[in-house]
Structure formats: C-alpha cells, structure tokens
Amino acid sequence: DAMVIQNPRYQVTQFGKPVTLSCSQTLNHNVMYWYQQKSSQAPKLLFHYYDKDFNNEADTPDNFQSRRPNTSFCFLDIRSPGLGDAAMYLCATSRINSPLHFGNGTRLTVT
Amino acid sequence: QKEVEQNSGPLSVPEGAIASLNCTYSDRGSQSFFWYRQYSGKSPELIMFIYSNGDKEDGRFTAQLNKASQYVSLLIRDSQPSDSATYLCAVSGGNNRKLIWGLGTSLAVNP
C-alpha cells in the first residue's frame with residue numbers, strides 16, 4: 001500500500017542533544033510537510049517542500065531545520081531540543097490542490 | 001488573521017444517532033475544506049474534503065459547505081463507539097499548501 005512512513009514512532013532525547021526524525025513516502029507526492037502538534041492543539045506547520053523548493057514558516061524557530069534529499073524522503077533536524085519541543089511531529093504529503101496524507105507521527109520526549 | 005473555529009465539545013451522542021460537527025471560517029476566499037479524524041495519540045486521518053457548495057456524501061459521512069455563511073459541517077450517521085475521536089476542520093485558500101486548522105471537536109459516542 002502506498003503510504004507515508006515516519007521513523008521512529010517514539011524518540012527520547014536529552015535536553016540540547018540533536019535529534020533527526022525521518023519521513024518517507026511511496027505516494028510520489030511532490031509536496032511534503034512537517035507539522036508540530038502539542039496536546040489539545042491544532043497541528044502547526046513548521047515548513048514544507050514543493051518539490052525541492054523549501055518554504056519555512058515565519059515563526060518556525062531556527063532550532064528546526066529540514067532536508068529533502070529526494071522526492072521520497074524528508075528529514076526534520078532539531079539542533080538543540082528544549083523541553084518545549086516535546087510534541088508529536090507529523091509528516092504529511094500531498095499533490096498540489098489535493099488533500100494532505102499524514103504519516104503515523106513521531107512522539108518526541110525531551111528529558 | 002485567518003481563523004477556523006470549532007466547538008471544542010465534548011459532543012456526546014448515543015450509538016446509532018447522527019453526530020453533527022460544525023466549523024466556521026473567517027477567510028471568504030477559502031476554497032478547500034477538509035475534515036480529519038484524530039484518535040488520541042495518533043495522527044490525523046482524512047475523512048472528507050469538499051470544494052463546492054452543497055453536500056458531499058461518503059458512506060456514513062456527509063460534508064456540507066455553505067460559502068455564503070462561511071461554514072462547513074460534518075454529519076456522521078449511525079454513529080459508532082469507534083467514531084469517538086477529535087474531528088479537525090481545516091481550510092485553505094486554494095493550493096492546500098497552507099491549511100488553517102481548527103482546534104477540533106471531541107466526539108464521544110456512547111454505547
């Protein structure tokens with residue numbers, strides 16, 4: 001089945017220790033997104049790629065970076081995680097003008 | 001500021017009843033409307049999308065859009081306990097790359 005796969009499902013990192021979350025897709029969608037979602041809040045868009053074109057949200061902290069080496073893969077790098085970065089991180093994909101499809105998410109805990 | 005508003009609930013309905021979830025949006029130029037279901041601790045799952053005024057039906061789900069009144073609703077017929085989740089409304093201006101999300105309505109279907 002075509003899908004969006006995030007790894008790992010659960011990630012525990014220490015305060016200030018860099019962490020990378022990964023996302024892969026078999027849907028061949030040209031747009032990939034990273035969202036952050038905290039408890040009882042709406043998903044918050046961090047950035048997205050339209051093909052190789054990177055689009056950063058104005059309020060995304062510099063601590064968050066992303067890479068998309070090819071159509072299928074996208075990575076979220078958190079350079080120095082703080083306690084406030086503990087959240088569910090959601091990767092999604094879409095074709096242009098089509099609905100978003102989410103992966104299963106990565107739950108990040110910062111100790 | 002573009003906004004999407006939903007009643008946070010919880011909305012409680014008995015099994016077999018119709019659940020009605022509502023969403024209003026502020027941007028009159030919005031063109032695409034989505035309903036996602038999110039179980040606790042899981043990622044959002046696309047339930048319905050609608051682009052044109054009127055009703056769109058898919059199985060037990062019906063999305064209703066009224067652009068003049070700037071609201072979109074989701075009806076769930078024959079509600080089941082497995083429908084108990086948070087329902088997120090999302091709206092975009094056209095290319096879907098920037099969705100505006102509501103905070104979600106919590107639905108509880110009681111056996």
Quiz prompt | Summed buried accessible area for A+B [probe radius 1.4 Å, Å², rounded to 100] | solution = 1700
Quiz item: Per 10 Å bin, what percent of the C-alpha pairs of the stretch B:59-109 does each bin hold, from zero upward?
Solution: 21, 47, 28, 4
Practice problem: Could you grab the Rg to Rh ratio for the stretch A:1-56? Cα atoms only, Kirkwood for Rh. | Solution: 1.00
Quiz item: Taking one equal scatterer on every alpha-carbon of chain A, how large is log10 of I(q)/I(0) by Debye at q = 0.13, 0.14, 0.15, 0.20 1/Å?
Solution: -0.43, -0.50, -0.58, -1.03
Quiz item: Given springs between every Cα pair under 10 Å in a Gaussian network model of chain A, which of A:SER98, A:SER80, A:SER66 has the largest fluctuation?
Solution: A:SER98
Quiz item: Which residue, A:ASP77, A:ASP53, A:ASP85, tops the fluctuation ranking in a GNM of chain A built on C-alpha contacts under 10 Å?
Solution: A:ASP53
Quiz item: When the accessible area of chain A is split by element with a 1.4 Å probe, what percent falls to carbon and sulfur?
Solution: 48
Quiz prompt | Accessible area of the stretch B:1-49 divided out per residue, in Å², using a probe of 1.4 angstrom | solution = 54
Quiz item: Mind checking the alpha-carbon convex hull of chain B and giving the volume per residue in Å³?
Solution: 95
Quiz item: How big is the protein assembly as shown by the Kirkwood estimate over distinct Cα pairs, in Å?
Solution: 18.1
Quiz item: Over chain A, what is the relative contact order in whole percent, taking alpha-carbon pairs under 8 Å and six or more residues apart?
Solution: 38
Practice problem: Jot down the radius of gyration and Dmax of the stretch A:50-111, Cα atoms only, both in angstrom. | Solution: 12.9, 39
Quiz item: Under 23 Å Cα-Cα from A:LYS38, which lysines qualify once same-chain neighbours fewer than 8 residues away are excluded?
Solution: A:LYS17, B:LYS2, B:LYS42, B:LYS98
Quiz prompt | Directionally averaged shadow of the stretch B:30-72, computed from the convex hull of its alpha-carbon atoms, nm² | solution = 3.5
Self-check item: Values of log10 I(q)/I(0), in the order q = 0.12, 0.24, 0.25 Å⁻¹, for the stretch A:26-80 under a Debye, Cα-only, solvent-free model
Solution: -0.28, -0.99, -1.05
Quiz item: Can you give the relative contact order of chain B as a percent, counting alpha carbon pairs under 8 Å and 6+ residues apart?
Solution: 38
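The values are calculated or read from the model by the stated rules, or taken from the named source; none is laboratory data. Keep in mind the model is a prediction, meaning the values are calculated, not measured. For the accessible areas, the whole protein counts, side chains as well, though only heavy atoms, and no ligand, DNA or RNA atoms are used. Shrake-Rupley method; radii C 1.70, N 1.55, O 1.52, S 1.80 Å.
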